[in-house]
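Quick notes on the structure that follows.
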Amino acid sequence: MDTKNILKGYQDIFNEKAEKLFFSPGRINLIGEHTDYNGGNVFPCAISLGTYAAFGNRNDRKIKMFSENLPDKGIIDFSLDDLDYKKEDDWANYPKGMIYFITQAGHKLDHGFNLYIHGNLPDGAGLSSSASIELLMGTVLNDAYSLNIDQLDLVKMGQKDENDFIGVNSGIMDQFAVGMGKENQAILLDTNTMEYHYAPVELGNNVIVIMNTNKHRALADSKYNERRSQCEAALALLQTKLNIKSLGELSIDEFDRNSYLINDDILIRRARHAVFENQRTLKAIKYLKENNLIEFGKLVNASHISLHYDYEVTGIELDTLVEAAWEQDGVLGARMVGAGFGGCAIAIVDKDKIDDFQINVGKIYKEKIGYEADFYIAEISNGPSEISISKVEK
Ligand code: GLA
């Protein structure tokens, strides 16, 4: 990414030089999908694609934001004294929500600012562009106003922004992965206890390829909320006899012995995914630590199968990419990532086979779906940070 262009963009729009520059990553998830709102484990990592912001202080109480990705929206303008959600503020509601929750928490912002945004995460691809911009805004404010907010509190405010400001009932995984990311490390997070551990992603001669269906996650939010309530309904039925707070507390055996309490085709399948995926995630991490990449890859595949048959969030585009990936030489495993219904999948692929992999999978996809898929090599990166302007300008 040419960060010089972002500084130039800021200058063109606001007629002054930017004072600070920041970056916030996107995320992928290696395994543990649709478990974060079920008290289960997730295993995501931050990636080097993400969102940049150039920042400058203002003397008044105005906030002005411009996104290079959505130039038609122009400069979005609001005041520190009116931080309510407004439909016409469009994409800027994501960062606005962070400002809202930060000031609600008692932090004082005594003047406004200008912000110029550029993101290189593919649009609507399920790589968490929203969490990326939320944590970006949190990091900018934390740094520029010396607020000293703990990183985990920023992560939680990001989720609050998503849930209570934007209105998507998502779990904590995306904001956590973005906010707590570490280079070459994935994060095992138990969403029940919020305990977490970093685990090096050592894949030998393999790399992680991100495969973008280029299908927008249309209706994803409503179907996401539907899955969530189905899991809650299954949990309520189990709770008639079991003393549990979430599906994540159940072993496979406990689920098996008690699924008669659910006794409904759809609800059993949804809950089975949540329980199995949670256990699968713990096994997968064990295999990765033991450097047993073959078994790790098989669990990655199993995750996709479960998301397809039991959770029903894959769809023809994701299935086509993943199934085509499974057929290729040098592939350890492949699965969809994020909410599903379009967006991206990942494949763990032998470095020496990457070219053939992309050509073959790309061809199968184009023939079946009618348009192209995109491929990127994932670099596992750090969480949000300031970028030194003087280094960029050198
Ligand atoms: C979306 C949500 C996350 C998580 C995933 C599915 O990305 O924002 O909280 O639920 O879907 O694992």
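Structure data summary
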| item | result |
| --- | --- |
| Sequence of 259, 229, 303 when ordered by accessible area, the most exposed leading, probe 1.4 angstrom | 229, 259, 303 |
| Accessible heavy-atom area order of 368, 4, highest first, probe of 1.4 Å | 368, 4 |
| Length gained when the stretch residue 103-residue 57 is fully extended (0.36 nm per residue, less Cα-Cα span) | 14.9 nm |
| Extension gain, residue 72 back to residue 123 (0.36 nm per residue minus Cα-Cα distance, nm) | 16.8 nm |
| Residue order for 298, 223 - accessible surface, 1.4 angstrom probe, largest first | 298, 223 |
| Charge dipole (debye, nearest 20) of the chain; +1 at Cβ of Lys and Arg, -1 at Cβ of Asp and Glu | 260 debye |
| Helix axis angle, 129-144 relative to the chain longest principal axis, alpha carbon, degrees | 40 degrees |
| Karplus 3J(HN,Hα) series, Hz, for the stretch 145-160 with 6.51 cos²θ - 1.76 cosθ + 1.60 (x for Gly, Pro) | 10, 6, 7, 6, 7, 4, 4, 5, 5, 4, 4, 5, 5, x, 5, 4 |
| Phi-based couplings in Hz for the stretch 103-114 (Karplus 6.51, -1.76, 1.60; Gly and Pro marked x) | 6, 4, 6, x, 7, 9, 10, 8, 7, x, 7, 9 |
| Calculated FRET value between residue 146 and residue 377, using beta carbons and R₀ = 41 Å, to 0.05 | 0.65 |
| Rough spin-label spacing in nm, given labels placed 7 Å along Cα→Cβ, for residue 316 and residue 202 | 4.4 nm |
| Amide H contacts under 5 Å for residue 63, placed H, 5+ residues apart | 78, 79, 80, 113 |
| For residue 387, residues with placed amide H under 5 Å, excluding near neighbours | 21, 22, 23 |
| Derived scalar couplings ³J(HN,Hα) [the stretch 67-73; Karplus, 6.51 cos²θ - 1.76 cosθ + 1.60; whole Hz; x for Gly, Pro] | 10, 4, 6, 10, x, 4, 6 |
| Two-site label geometry, residue 254 and residue 329: point separation in nm, points 7 Å out along Cα→Cβ | 4.7 nm |
| Restricting the stretch 89-194 to trypsin sites (Lys or Arg not before Pro) in coil, as DSSP defines it, with at most 10 other Cβ within 10 Å | 108 |
| Charge dipole magnitude, Cβ of K and R +1, D and E -1 - the stretch 1-104, Cα centre, debye nearest 20 | 280 debye |
| Alpha carbon Rg of the chain, scaled by the compact-globule rule 2.2 N^0.38 Å | 1.00 |
| Efficiency of FRET between residue 244 and residue 266 - r from beta-carbon atoms, R0 30 angstrom, step 0.05 | 0.90 |
| Label-point separation in nm, residue 169 to residue 391, each point 7 Å along Cα→Cβ | 4.3 nm |
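The values are calculated or read from the model by the stated rules, or taken from the named source; none is laboratory data. Quantities reported herein were computed from a predicted structural model and do not represent experimental measurements. Here the Cβ is made from the backbone with ideal geometry for all residues, glycine too, and neighbour counts use every protein chain on show. Accessible surface areas use protein heavy atoms only, side chains included; no ligands, DNA or RNA. Shrake-Rupley method; radii C 1.70, N 1.55, O 1.52, S 1.80 Å.
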